[in-house]
1. What residue, among those in the stretch B:19-46 that are touching a residue at least 24 places away in the same chain (Cβ under 8 Å) and open to solvent by 50 Å² or more (accessible area, probe 1.4 Å), is farthest from B:PHE208 (Cα to Cα)?
2. Only one of these is open to solvent by less than 20 Å² (accessible area, probe 1.4 Å), within 11 Å of chain A (Cβ to nearest Cβ) and either under 23 Å from B:ARG182 (Cβ atoms) or in contact with a Ser or Thr (Cβ under 7 Å, 6 or more places away or on another chain) (or both): B:GLY67, B:GLY80. Name it.
3. Within the stretch A:272-283, identify whether any single residue is touching a residue at least 12 places away in the same chain (Cβ under 8 Å), in contact with a Lys or Arg (Cβ under 9 Å, 6 or more places away or on another chain) and among the charged types (D, E, K, R), and answer yes or no.
4. Restricting attention to the stretch B:145-163, does a residue exist that is part of a helix (DSSP H, G or I), assigned by TED's automatic domain parsing to the domain that holds B:LEU86 and open to solvent by less than 20 Å² (accessible area, probe 1.4 Å)?
5. Are any residues in the stretch A:64-84 in contact with an Asp or Glu (Cβ under 9 Å, 6 or more places away or on another chain) and touching a residue at least 40 places away in the same chain (Cβ under 8 Å), and if so, which ones?
6. Given the structure, is B:ALA242 within 14 Å of another protein chain (Cβ to nearest Cβ), in contact (Cβ under 8 Å) with a residue 60 or more places away in the chain, part of a helix (DSSP H, G or I) and surrounded by fewer than 16 Cβ atoms within 10 Å (Cβ to Cβ)?
7. Could you list, in sequence order, the residues of the stretch B:175-191 that are away from chain A (no Cβ under 12 Å) and under 24 Å from B:ARG248 (Cβ atoms)?
8. Could you tell me which residue of the stretch B:192-239 is farthest from B:LEU42 (Cα to Cα), considering only residues that are free of Cβ contacts under 8 Å to residues at least 12 places away in the same chain and more than 9 Å from every other protein chain (Cβ to nearest Cβ)?
Amino acid sequence: MRRTSGALTFVLGVAVTLALAACGGGSTDSMKAAANNGLEKTKLKVGAIPIPDPAALYIANTKGFFKEEGLTIEPVTIQGGAVAVNSLKSEILDISQTNYVSTFSAVSKGEKLKLIADAYQAGPNTFVLMVPKNSPIQTPADLKGKTIAVNTFNNIGTLAVTATLKVAGLTKDDVTFKEFQFPQMAAALTTGQVDAAWMTEPFITVTQSDLGTRKLVDTMSGQTANFPIAGWMTTEEFAKNNPKTLAAFQRALARGQEIAAKDRKEVEAIVPTYTSIKKETAAVITLGTFPTTLNETRLQRVADLMAEYGILTGKLDVTTLLAPQPAATP
Amino acid sequence: MTIGARTLRGAVGVAGFLAAAEAAIRTGLLDARLLPPPSVVLREAALLPADPVFTAGLTGTVSRWLGGLALAIALAVPLGVLLGSLPGVERATRPLLEFLRPIPSVALIPLAILLVPDDFLMKVSVIVYASLWPILINTVYGLREVDPLAKDSLRAFGFGRASVLLRVSLPSTAPFIVTGVRLSAGIALVLAVSAELLAGGAEGLGVFVIRAGSGNRTDLMLAAVLWAGLGGMACNAALVAAERRVFRWHHLRSGVAS
């Protein structure tokens with residue numbers, strides 16, 4: 001009998017927890033709004049991928065910049081921007097890291113999204129094509145008829161590789177793309193499943209030192225030099241309903257971004273706290289830059305390149321996607 | 001075979017596998033730079049309980065796993081009893097159940113992400129959905145196996161439907177239900193981790209694996225997977241032990257050698 005009642009209590013406990021979780025949101029949020037400089041929402045669930053790109057979020061959070069704005073941030077680890085769009089729509093997340101190519105593709109398919117802030121921009125050698133140590137491939141032109149690993153079809157990888165192939169006089173039809181997650185690319189290269197792999201950090205550094213793989217070409221040069229990679233997004237609806245919260249988020253994040261942009265040591269210190277990248281690795285990987293403004297001209301370049309290489313079917317005007325930006329800090 | 005001998009054989013099997021894997025990697029048959037040897041993975045796994053990110057993840061995953069399983073039991077057993085005792089209803093709902101049951105639950109996670117506006121509820125709902133079926137179906141079939149003589153005897157003595165259910169049908173169905181729970185426990189763990197791998201989260205074993213993967217730490221990925229496997233094994237062992245103790249009569253009657 002004792003055992004049954006224990007089990008019953010547990011089931012009841014679960015049911016009550018579920019019920020409480022279900023009706024947690026509404027009333028408390030609106031009550032706090034009055035107390036917190038009119039912020040519509042003070043607790044934000046923010047999706048971020050465990051890579052260096054979203055460093056500013058964690059810097060700002062650790063240094064208490066969000067607290068100063070009256071915001072509590074719950075960082076949520078996500079595996080990619082594609083699922084994040086659905087998590088935003090169902091309000092599992094309020095704000096999420098994304099890559100611009102994913103966001104623009106989603107918008108062209110009718111998703112209503114707004115870009116809040118810039119996060120990460122490619123630098124020299126942050127996204128490269130790698131080949132095995134003794135590969136016969138010496139120049140990008142040798143890639144004709146070869147197989148290339150990218151992390152996702154029709155995304156930054158294929159875009160940057162296609163732009164690189166163009167310089168060598170090839171098109172994307174001259175190669176075969178195969179999808180591999182970054183952690184599996186080293187194995188795909190050494191076992192000969194692919195001839196080249198489009199890699200980013202920390203995989204570039206680690207496979208170079210562990211496997212002796214060779215950098216064939218930097219895919220972020222020429223048409224893709226200083227290419228905007230990652231930013232922060234939310235839904236149009238959230239942006240419309242929470243303008244003050246969003247402005248507060250932007251202000252606090254911008255302070256984190258300033259630090260990330262100026263001081264590499266701060267980035268190296270924060271990255272191992274929210275990723276599995278070791279301190280020693282963080283110190284040697286090649287990092288891109290952390291832009292401090294969301295610049296529509298720079299972003300338009302991404303959409304235009306996507307249209308040129310057929311990832312977008314038509315022209316996309318990115319100015320309509322930018323959430324209002326905070327006034328420049330004095 | 002005694003429990004001791006069985007455990008010993010199991011341990012020999014595991015040790016043999018680990019030794020073979022270690023040898024294959026150390027001798028270069030498998031590439032150590034791609035796949036860390038078991039000795040490294042085991043060391044990392046042993047160190048994980050000291051990592052607060054991992055322990056928070058483990059606690060989170062286990063609570064959603066067992067919570068979801070408990071909820072599935074609470075839903076599936078009454079539903080199974082209903083369907084099992086009302087053949088008409090069972091026949092009417094069978095096509096629907098047969099349609100829903102084989103849908104791979106992992107494929108429903110993206111839909112759940114879109115529909116359920118809360119991370120915890122989303123994860124628990126896919127766990128409940130997936131682990132519902134074995135319990136439900138075992139309950140329905142278990143009720144069919146109830147000794148008709150025992151039921152008739154009780155009825156002959158004037159016991160009502162509820163009494164027959166409580167005194168005969170449910171007790172004799174219980175071993176089937178527990179077997180269903182045991183099958184579901186494994187499925188529930190798979191879903192608990194898969195939902196985290198797909199949707200991410202603030203913590204969880206799957207979230208830990210995402211982190212390890214993005215940081216190129218295959219050793220940590222495998223160490224976390226090892227813990228997930230151990231969790232599943234522990235749960236299964238506990239349920240098997242409970243089955244043996246509580247339903248000794250059932251095993252004796254059905255002639256299952258133990």
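The values are calculated or read from the model by the stated rules, or taken from the named source; none is laboratory data. Please read these numbers as outputs of a predicted model, since none were measured by experiment. With ideal geometry, Cβ positions are generated from the backbone for all residues, glycine too; neighbour counts draw on all protein chains shown. Areas reflect the complete protein model, heavy atoms only, side chains present, ligands, DNA and RNA absent. Shrake-Rupley method; radii C 1.70, N 1.55, O 1.52, S 1.80 Å.
1. Step one: filter the stretch B:19-46 for residues touching a residue at least 24 places away in the same chain (Cβ under 8 Å), giving B:34-36, B:40-42, B:44-45.
Of the ones still in play, those that are also open to solvent by 50 Å² or more (accessible area, probe 1.4 Å) are B:35, B:42.
Values: B:LEU35: 18, B:LEU42: 17 Å.
Out of the qualifying residues, it is B:LEU35.
2. Numbers: B:GLY80 fails: within 11 Å of chain A (Cβ to nearest Cβ).
Unique residue meeting the criteria: B:GLY67.
3. no
4. Initially, the stretch B:145-163 is screened for residues part of a helix (DSSP H, G or I), giving B:148-156, B:161-163.
Then drop every residue that is not assigned by TED's automatic domain parsing to the domain that holds B:LEU86, which leaves B:148-156, B:161-163.
Imposing the further condition that a residue be open to solvent by less than 20 Å² (accessible area, probe 1.4 Å) reduces the set to none.
Within the stretch B:145-163, none of the residues are part of a helix (DSSP H, G or I), assigned by TED's automatic domain parsing to the domain that holds B:LEU86 and open to solvent by less than 20 Å² (accessible area, probe 1.4 Å).
5. The answer is A:THR77, and nothing else.
6. Numbers: within 14 Å of another protein chain (Cβ to nearest Cβ): yes; in contact (Cβ under 8 Å) with a residue 60 or more places away in the chain: yes; part of a helix (DSSP H, G or I): yes; surrounded by fewer than 16 Cβ atoms within 10 Å (Cβ to Cβ): yes.
So B:ALA242 passes the test.
7. Restricting attention to the stretch B:175-191, the residues satisfying the condition of being away from chain A (no Cβ under 12 Å) are B:175-180, B:182-191.
Those that are away from chain A (no Cβ under 12 Å) and under 24 Å from B:ARG248 (Cβ atoms): B:PRO175, B:PHE176, B:ILE177, B:VAL178, B:THR179, B:GLY180, B:ARG182, B:LEU183, B:SER184, B:ALA185, B:GLY186.
8. B:ALA238
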